[in-house]
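Asks: There's a structure below that I have some questions on.
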Amino acid sequence: MSIVTRDRQGQPAGSLAQRRSLGDRSFQVLTLAAGLLVLVILVLIAVSTSQQASSWFSAEGTRIFTNTWNPSAGQFGVLAFIYGTAITAVIALILAVPVSVGVALLLTEVVPHRWARPVVYVIDLLAVVPSVVWGLWGILVFAPWIQHIYGSVGSGVGGVPVLGALFGPPTSGASFFTAGIILAFMVTPIVTSLSREVAATVPTIDKEGAYALGATRLEMIRGVVLPHSQGGIVGAVLLGLGRAMGETIAAALVIGSSATITAHLLAPGYNVPSVIANEFGEATGVFRSALMGLGVLLFVFTIIINVLARTVVARSARRGRGA
């Protein structure tokens, strides 16, 4: 005599397992399709933009990495834009990362939870402020105000060998440094939120163990929280770098629109997103192809940065599981 097991509703257990298996397979197919759709879209973007930029690559060759941008003469060297993108992104990270990590540690390890919650809300609101708002505030309010500070700094360090080359006169309110500051304002909420989430995952027993051994709060943060969160914080910084490199409108309004390579951080400059936004509307022929090529280069740079961020986070997770 065979015994048929039944669930609480009286249905055979085998049919229930079959329904669950069908649902799991359907969900797996849907999630796989969604993931593949994202990859297909990325590939289509890369292929279409590369095709439209092919005439620029074939016409300029290796000259695309020169410092000569003169569309009227058919010269499209983009080195100045790559330089401006790198400089403004580095300035943004130098200003934003210490503040972001410090605020994240303050909210997770120092401030009580009921007091930290309003600060978290404010940080989240800063992260969703449109870039055009940052740009308009930067060019209409911040740049005129900081121009006077630039003038004082420039006159004070004009005779100093290194500082004079970086911050000496002449100065401009719309400059590399102003764009870096605006980008730092935009990057800080992102890096802060991600770093706070990572720091919050540190096991409580590890922190209590450090306190039991006589560690102070600072020693506990240095010996427990930071080593545990290192990979996640590095990943957050790299994601912030990708945001700083790809930001368009805010940087275009405050960078000064001057295609030059100079060590003077208070001089006007240009970066890749800004030149695309400012000049794409009037571009035709090889000029348009060159701007599309700039988009391809920026796309490649941001993909590389995001891959590096994922690699760092995954390596940190594997090291944590091994420990």
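The values are calculated or read from the model by the stated rules, or taken from the named source; none is laboratory data. The structure presented is a predicted model; accordingly, all values stated were derived computationally and were not measured. Heads up, the Cβs are rebuilt from the backbone with ideal geometry, glycines too, and the neighbour counts pull from every protein chain shown. We work out accessible area using only protein heavy atoms, side chains counted, and drop any ligands, DNA or RNA first. Shrake-Rupley method; radii C 1.70, N 1.55, O 1.52, S 1.80 Å.
Asks: For residue 284 and residue 260, compute 0.36 nm times the residue count separating them, minus their Cα-Cα distance, and round to one decimal in nm. List each step's numbers first, then the result.
Replies: Details: separation 24, 0.36 × 24 = 8.64 nm, distance 2.31 nm.
Fully extending the segment from residue 284 to residue 260 adds 6.3 nm.
Asks: Here's another thing I want to ask about it. On a full-extension model of 0.36 nm per residue, what is the gain between residue 62 and residue 204, subtracting their alpha-carbon distance, rounded to one decimal in nm?
Replies: Numbers: separation 142, 0.36 × 142 = 51.12 nm, distance 5.51 nm.
Contour length minus the Cα-Cα distance gives 45.6 nm.
Asks: Here is a further query. About the Cα centre, and with charges only on the beta carbon of Lys, Arg (+1) and Asp, Glu (-1), how big is the dipole of the range 58-322? Nearest 20 debye, please. Present the calculation step by step, with values, prior to reporting the outcome.
Replies: Working: 14 positive and 10 negative charges, 135 e Å.
The calculated dipole for the range 58-322 is roughly 640 debye.
Asks: Then there's this: How much solvent-accessible surface does residue 228 expose, in Å² to the nearest 10, with a 1.4 Å probe and all protein chains in place?
Replies: 80
Asks: For the range 251-323, what is the accessible area per residue in Å² when the probe is 1.4 Å?
Replies: Working: 3480 Å² over 73 residues.
That works out to 48 Å² for each residue.
Asks: Rg and Dmax of the chain over Cα atoms: what are they, in angstrom?
Replies: 25.9, 101
Asks: At a 1.4 Å probe radius, carbon and sulfur cover how many percent of the accessible area of the range 135-191?
Replies: Numbers: 1980 of 2510 Å².
That fraction is 79 percent.
Asks: Using all C-alpha to C-alpha distances in the range 68-182, build P(r) with 5 Å bins and read off the rounded percent in each one.
Replies: Histogram of Cα-Cα distances, whole percents per bin: 2, 10, 12, 15, 17, 15, 13, 9, 5, 2, 1, 1, 0.
Asks: May I ask you to give the solvent-accessible area per residue for the range 77-133, in square angstrom, as obtained with a 1.4 angstrom probe? Intermediate results must be reported in sequence, preceding the final value.
Replies: On the way: 2860 Å² over 57 residues.
Per residue, the range 77-133 has 50 Å² of solvent-accessible surface.
Asks: In what sequence, highest mean first, do 37-44, 63-70, 134-141, 175-182 appear when ranked by Cβ atoms within 10 angstrom?
Replies: On the way: 37-44: 10.1, 63-70: 14.2, 134-141: 17.9, 175-182: 27.4.
The most tightly packed comes first, giving 175-182, 134-141, 63-70, 37-44.
Asks: Still on this structure, I have one more. What does the charge dipole of the range 147-290 about its Cα centre add up to, to the nearest 20 debye, if the Cβ of each Lys and Arg holds +1 and the Cβ of each Asp and Glu holds -1?
Replies: On the way: 6 positive and 7 negative charges, 25 e Å.
Here the range 147-290 has a charge dipole of around 120 debye.
Asks: Considering the Cα trace of the range 150-240, what is its radius of gyration and what is Dmax, both in angstroms?
Replies: Expressed in Å, the Cα Rg and Dmax of the range 150-240 come to 20.2, 57.
Asks: In degrees, nearest 10, range 0 to 90: what is the angle between the Cα axis of helix 79-105 and the longest Cα principal axis of the chain?
Replies: 50
Asks: Which of the peptides 280-289, 191-200, 52-61 is most tightly packed, and how do the rest follow, judged by the mean count of other Cβ atoms within 10 Å per residue? If you can, show how the numbers build up before the last one.
Replies: Working: 280-289: 13.9, 191-200: 21.7, 52-61: 16.1.
Per-residue Cβ counts within 10 Å, averaged per peptide and sorted highest first, yield 191-200, 52-61, 280-289.
Asks: Another one. Once you have a ≥ b ≥ c as the square roots of the Cα gyration tensor eigenvalues for the range 143-193, tell me rounded if a/c is under 1.5, and otherwise prolate or oblate according to whether a/b is larger than b/c. Numbers along the way, then the final one.
Replies: Numbers: a/c = 3.28, a/b = 2.03, b/c = 1.62.
Note, shape of the range 143-193 comes out prolate.
Asks: May I pose another question? Relative to the present Cα-Cα distance, how much length would full extension add between residue 52 and residue 147 at 0.36 nm per residue of separation?
Replies: Here the segment from residue 52 to residue 147 would lengthen by 30.2 nm.
Asks: What is the pair-distance distribution P(r) of the range 178-314, computed from all Cα-Cα distances in 10 Å bins starting at 0, with each bin given as a whole percent?
Replies: All Cα pairs, binned at 10 Å, distribute as 11, 29, 27, 17, 10, 5, 1 percent.
Asks: Just order 168-174, 125-131, 150-156 by mean Cβ neighbour count inside 10 Å, highest at the front, would you?
Replies: On the way: 168-174: 18.1, 125-131: 12.9, 150-156: 15.7.
Descending packing order for the listed peptides: 168-174, 150-156, 125-131.
Asks: A further question on this structure: Estimate the FRET efficiency between residue 211 and residue 314 by the formula 1/(1 + (r/R0)^6), using the beta-carbon distance for r and 25 Å for R0, to the nearest 0.05.
Replies: Values: r = 31 Å, r/R0 = 1.23.
The computed FRET efficiency comes out at 0.25.
Asks: Set Lys and Arg Cβ to +1 and Asp and Glu Cβ to -1, take the dipole of the chain about its Cα centre, and tell me which of 92, 71, 280 lies farthest positive.
Replies: Of the options given, the answer is 92.
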